[in-house]
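Below: one structure, written as structure tokens.
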Amino acid sequence: MHPVLSQVTARITERSRIRRAAYLEGVRAAIGTKVERSLLSCTNLAHAMAAMPAGDKIMLKEVKTAARPNLAIVSAYNDMLSAHQPLGGFPSLIKQAANAVGATAQFAGGVPAMCDGVTQGQAGMELSLFSRDVIAMATAVALSHQMFDAALYLGVCDKIVPGLLIGALTFGHLPAIFVPAGPMTTGMPNSDKARIRQLYAEGKVGREELLEAESKSYHGPGTCTFYGTANSNQMLMEIMGLHLPGSAFVNPDTALRGALTKAAARRAVAISAEGECFTPIGEMLDERSITNGIVGLLATGGSTNHTIHLVAIARAAGIEINWTDFDDLSKVVPTLARVYPNGQADINHFQAAGGMGFVIRQLLQGGLLHAEVNTVVGPGIDRYTQEPYLDGEHIRWRDAPATSMDADVVRSYQAPFAPDGGLRLMTGNLGRAIIKVSAVKPEHRVVMALARVFDDQNELLDAFKRGELERDMVAVIRFQGPRANGMPELHKLTPTLAVLQERGFKVALVTDGRMSGASGKVPAAIHVTPEAASGGALAKVRTGDLIMVDAERGILQALVAPDDWDARQPESVDLSSNQYGVGRELFAVFRANADGAEQGAACFQHPQWSSC
């Protein structure tokens, strides 16, 4: 094992010792109940199974024998979002598969699923991050009936999977399997889509051409095919052992996808308290699993959103991680994949070139994963070096490719695309921030320029249209953190900033907001903590200040005379326009109680969630 992996994991384990012990004590106390519905009165139980088929009722009445597991299905299905539309047919497959092995399954509850692609640049984006916590709470409501012996979680996209996982860990005594839907088939090449977006930003093509290009990119059921947060979610569930091996990137509406869904149901029965391999998620997902997740994120150039979500997920299991852990691991974990926006390939190309099975094998060979972790298919992450296939009607697994099928997309740990993970911690008098440089060329990674301060992303876009940004610039977009307005993604700025960079200007972005899993070729120091609305240093920056954004050395600094800087008072802005419309009125309690980005930006008020 690589010494840095050992050191970081040991540090996390020691930091988490007290909280993790308290969490596990609660999990083990709940496990003592085994079949939870045995605690229900006859009236309770009758209500819970009133609508079930007669045969299922008979099985559920056999409470005393504890021989008939009942599975919960918690789903983010809706048919507006392409990634979640395929989930509509999954419950019937799960119920059939459960019945075939003598178990039952019930649709326990639905959770909301919103799409950052739809809300990008709109007011609804200000609900996006907090929807994760709503999903966690909705998961708790679904499981609160104490009817279940294991759960299957159906979700794909940005906040949905982290929310489901936080909810699942809150019910850590229940075994859990995550069931993906898969990516849509390949549409317009990513390079063409990006080119047309930039032409539109420059006013060189109209909305009609832009919509045509976008529709050719996002054209059918399944996850968007670029490597953003949604597909990073699927990578994480795989490398943390919560999927069946090799199931992350199998396309929807295929025979193999249906077979994997049924197999997940059968495995959920096997790992339930009544099965032969009882595996409660709270015990299974430990410090080593979380560290493996960070490694996977770094090796594949995954979404910066997970520097927030993974922190919140870990906290739900009593584990404390921070951005220094990400930074230390990033220095030794090589970049093994190039998937858009870090390259030209899409996620289907990645899957064809070797996929997760190849990447996990390479990381194991490099001593960069904890091999001995537990998973939903048993001990050892080495099972995840395999991929599924159909042998007639039967699903089987075989070894994934041992060598890359396309060295432009995935590579071995001995010959990586880069020696590090491309995700770095930035520190200085502006606070702590994250920058992703996987897609940033070396010549663009250091920018020292005068600040242009904006308190809203639309202010920057308007200034660009007026021709005011034709110079070297550090764009400071502040009051975009969790407490200010819910920490929206500012991906809408990417084409405009890219245009300025291509015109020969040195350009960087500094913000306490997010830039999404599609962080691209313009250096962006994001998630700046403390945020401006909490009195963070971004609120002291003035237009004309000289700002250093040095991604090579991890420096984020306002080059202002120390006496002047110390004497400045943080500015405040009127945030009332962020507090109403599109449902934002209902989220005031979330904005008021949210932790900082490095603490997971969660708003749960419990000792387990209090600031580290």
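No value in this document is a laboratory result; all are computed from the given coordinates. Being a predicted model, the structure only gives us computed values, none of them experimental. When we count neighbours, we look across all protein chains shown, and the Cβ atoms used for this are built from the backbone with ideal geometry, even at glycine.
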Q) Packing-wise, with mean Cβ within 10 Å as the measure, how do 446-456, 417-427, 282-292 rank, highest first? A) 282-292, 417-427, 446-456
(Q) Over 10 Å intervals from 0, what percent of Cα-Cα pairs in the range 109-255 sits in each interval? (A) 11, 34, 32, 16, 6, 1
Q: May I ask what percent, to the nearest 5, of DSSP beta bridges between residues of the range 423-574 are antiparallel?
A: 55 percent
Q: Could you tell me the distance between the Cα centroids of the range 317-359 and the range 139-209, to the nearest Å?
A: 17 Å
Q.
Nearest 5 percent is fine: what portion of the DSSP beta bridges confined to the chain is antiparallel?
A. 45 percent
Q. For the range 366-452, what is the charge dipole size about the Cα centre, in debye to the nearest 20, if Lys and Arg each add +1 at the Cβ and Asp and Glu each add -1 at the Cβ?
A. 700 debye
Q) In debye, nearest 20: dipole of the chain around its Cα centre with unit charges on the Cβ of K, R (+) and D, E (-)? A) 760 debye
Q. Do the sum for the chain: with -39,500 (n - 2.57) for every DSSP H run of n ≥ 4, divided by all residues, what is the mean residue ellipticity at 222 nm, to the nearest 500 deg cm²/dmol?
A. -10500 deg cm²/dmol
Q. Rounded, prolate or oblate: which fits the range 1-142, taking a ≥ b ≥ c as square roots of the Cα gyration tensor eigenvalues, rounded meaning a/c under 1.5, else prolate when a/b beats b/c?
A. oblate
Q: List the trypsin sites (Lys or Arg not before Pro) within the range 182-251 that fall in a DSSP loop (any state other than H, G, I, E or B) and whose Cβ has at most 14 other Cβ atoms within 10 Å.
A: Lys204
Q. Mind ordering 319-328, 575-584, 405-414, 522-531 by average Cβ neighbours within 10 Å, highest first?
A. 522-531, 319-328, 405-414, 575-584
Q. Where nothing but the Cβ of Lys and Arg (+1) and of Asp and Glu (-1) is charged, how large is the charge dipole of the range 423-574 around its Cα centre, in debye to the nearest 20?
A. 520 debye
(Q) Tell me which of Leu297, Leu24, Ser438 sits at the most positive position along the dipole axis of the chain, charges placed on C-beta atoms (Lys, Arg +1; Asp, Glu -1). (A) Leu24
Q: Step through the table entries Lys159/Lys521; Lys61/Lys159; Lys331/Lys540; Lys193/Lys506; Lys441/Lys540, compare each Cα-Cα distance with 26 Å, and write down the pairs that go over it.
A: Lys61/Lys159; Lys331/Lys540; Lys441/Lys540
Q. Among Gly357, Gly275, Asn78, whose Cα lies farthest out toward the positive end of the dipole of the chain, if unit charges sit on the beta carbon of Lys, Arg (+1) and Asp, Glu (-1)?
A. Gly275
Q) When the Cα centres of the range 21-44 and the range 430-480 are compared, how far apart do they sit, in Å? A) 51 Å
Q: Please label the shape of the range 340-418 as rounded, prolate or oblate, based on the square roots a ≥ b ≥ c of the eigenvalues of the alpha-carbon gyration tensor (a/c under 1.5 means rounded; beyond that, a/b larger than b/c means prolate, else oblate).
A: oblate
Q) Could you give the alpha-carbon Rg of the range 423-574 over 2.2 N^0.38 Å, rounded to two decimals? A) 0.93
Q: Using the charge dipole of the range 423-574 (Lys, Arg: +1 at Cβ; Asp, Glu: -1 at Cβ; taken about the Cα centre), state which of Val507, Leu450, Ala539 has its Cα farthest towards the positive end.
A: Val507
